[in-house]
Amino acid sequence: MKIIESVLEMQQISSRARGEGKRIALVPTMGFLHAGHGSLMEEGRRRSDLLVTSIFVNPTQFGAGEDFDSYPRDLERDLAVAAKAGVDLIFAPRAREMYPEGYQTWVDVEKLTLPLCGASRPGHFRGVTTVVCKLFGIVQPTFALFGKKDFQQLAVIRRMTADLNLPVEIVGMPIVREADGLAMSSRNSYLSPEDRVNALCLSRALGAVTAAYRKGERDVAALEALARGEIASVAGAVIDYLEFRHSGSLEMQARADDATLLAMAVKIGTTRLIDNCVLGDDEDLLSRPVDPPN
Ligand code: PAF
């Protein structure tokens, strides 16, 4: 597995590979890799001749006062995880090469970025779409793989790719959860042992709503009350947003159907976690422990 820092070198390798008819898969990451990233790499490996993982903590998607400086970084460990998953190339550019002095070009998806994380984190998606667009230009992937835990990010990237006619197939992959239901995230490393237990209220809320939906409840107000009740049962859990929206348009919904997305961001202690489910999906949220551990 080779590590490439230079944009030009990455571009040259990719151009050569595309010229030889090779299929390139890209797994864009900010590092601190976990099994969720592993599942993207495995799928990328299956689909491609050349598997590239980018590791770049993108400064432009962090707002003032967010965790850019403290974002967990462990390149040694990441390299071991990526090598195990069969990654061919790690692209780890420097910020000063991605955003050199005088940089002034941005990609902005308008409507889909307004609600949910876009409302809580102004400018976040502009940073994400800009860096992903740049990565597409550099790595020239046939496929790019993203996790559904960042559901809105995936929707925004699909929109950008379609709107800009980028020749990349976007592949969305299921959320990978710990055995007790917590969605895997690099930010889980911030959780104290007590927070780690409290954080299960997110997946419990999804499980409670899914169970009620499967029993026939379609009233969003009733489903929302259930979810909020689960979060409220944990002292110190603070909801940033908890909303039911159409999974395609991200418009609000008053009646739930199979395409309804329940998306939430909840602060557990000082850590902001996100999670979601689409009510018609068959994700197995119900077999998880529903009662808080003692
Ligand atoms: O999901 C992430 O890790 C980041 O937002 C991404 C897609 C790598 C862009 O920096």
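The values are calculated or read from the model by the stated rules, or taken from the named source; none is laboratory data. These figures come from a predicted structure and were not determined experimentally. For neighbour counting, all protein chains shown are included, and Cβ atoms are generated from backbone atoms with ideal geometry for every residue, glycine included. The protein model used for the area step is the full one, side chains on, heavy atoms only, and it has no ligands, DNA or RNA in it. Shrake-Rupley method; radii C 1.70, N 1.55, O 1.52, S 1.80 Å.
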| request: Hey, could you get me the Stokes-Einstein D for the chain, Kirkwood radius over alpha-carbon pairs, 20 °C and 1.002 mPa s, rounded to whole µm² s⁻¹? | output: 108
| At what distance in nm do the modelled label points of Asp67 and Glu217 sit from each other, each positioned 7 Å from its Cα along Cα→Cβ? | 3.0
| message | Show log10 I(q)/I(0) for the stretch 123-264 at q = 0.12, 0.18 Å⁻¹, two decimals, from a solvent-free Debye sum over equal Cα scatterers. | response | -0.60, -1.13
| query | In vacuo Debye scattering of the stretch 73-147, one point per C-alpha: log10 I(q)/I(0) at q = 0.12, 0.14, 0.25, 0.27 Å⁻¹? | reply | -0.48, -0.64, -1.22, -1.25
| task | Work out Dmax and Rg for the stretch 1-111 from the C-alpha atoms and quote the Rg first, both in angstrom. | result | 15.0, 46
| Cα centroid distance between the stretch 106-124 and the stretch 155-205, in Å? | 17
| query | Which of these, Thr161, Thr270, Thr29, has the largest mean-square fluctuation under a Gaussian network model of the chain (Cα springs below 10 Å)? | reply | Thr270
| task | Taking the Cα centre of the stretch 1-97 as origin, work out the dipole magnitude from +1 charges on Lys and Arg Cβ and -1 charges on Asp and Glu Cβ, in debye rounded to 20. | result | 460
| request: Any lysines with Cα under 29 Å of the Lys111 Cα? List them, leaving off those in the same chain fewer than 8 positions away. | output: Lys134, Lys148, Lys149, Lys267
| Furthest towards positive pole of dipole, Met1, Ala199, Val107, structure part the chain, Cβ charges | Met1
| Want the number for Trp106 to Thr270: 0.36 nm per residue separation, take away the alpha-carbon distance, what's left? | 56.0 nm
| So, with +1 on the Cβ of K and R and -1 on the Cβ of D and E, and no other charges, what is the size of the charge dipole of the chain about its Cα centre, to the nearest 20 debye? | 460
| Any idea of the accessible area per residue across the stretch 178-269, 1.4 Å probe, to the nearest Å²? | 42
| task | Take every Cα pair under 8 Å in the chain that's 6+ residues apart, average their separations, divide by the length, and report that relative contact order as a whole percent. | result | 17
| When only C-alpha pairs under 8 Å and at least 6 residues apart count, what is the relative contact order of the stretch 125-284, in percent? | 18
| task | Taking the dipole about the Cα centre of the stretch 140-216, with the C-beta of Lys and Arg at +1 and of Asp and Glu at -1, give me whichever of Val176, Ala144, Ser189 is farthest to the positive side. | result | Val176
| How large is the helix-only mean residue ellipticity at 222 nm for the chain, computed as the sum of -39500 (n - 2.57) over DSSP H runs with n ≥ 4, divided by its residue count, in deg cm²/dmol to the nearest 500? | -11000 deg cm²/dmol
| request: Using a 1.4 angstrom probe on the protein heavy atoms only, line up Lys111, Lys84, Lys267 by accessible area, largest first. | output: Lys84, Lys111, Lys267
| said: Quick check: Cα centre of the stretch 211-225 to Cα centre of the stretch 14-40, how many Å? | reply: 39
| note | Kirkwood-based Rg/Rh on the Cα set of the stretch 99-196 evaluates to 1.02
| Residues whose placed amide H lies under 5 Å from that of Val109, excluding near-sequence neighbours | none
| request: Calculate, for Val171 and Leu226, the FRET efficiency according to 1/(1 + (r/R0)^6) with r their C-beta to C-beta distance and R0 51 Å; round to the nearest 0.05. | output: 0.95
| Mean shadow of the stretch 130-172, computed from the convex hull of its alpha carbons, in nm²? | 2.6
| From the backbone phi of the stretch 239-256, what are the Karplus-calculated ³J(HN,Hα) couplings (6.51 cos²θ - 1.76 cosθ + 1.60, θ = phi - 60°) in whole Hz, Gly and Pro given as x? | 6, 7, 8, 8, 9, 10, 9, 5, 5, x, 8, 6, 6, 4, 10, 9, 10, 8
| query | Which percent of the accessible area of the chain is formed by carbon and sulfur heavy atoms (probe 1.4 angstrom)? | reply | 51
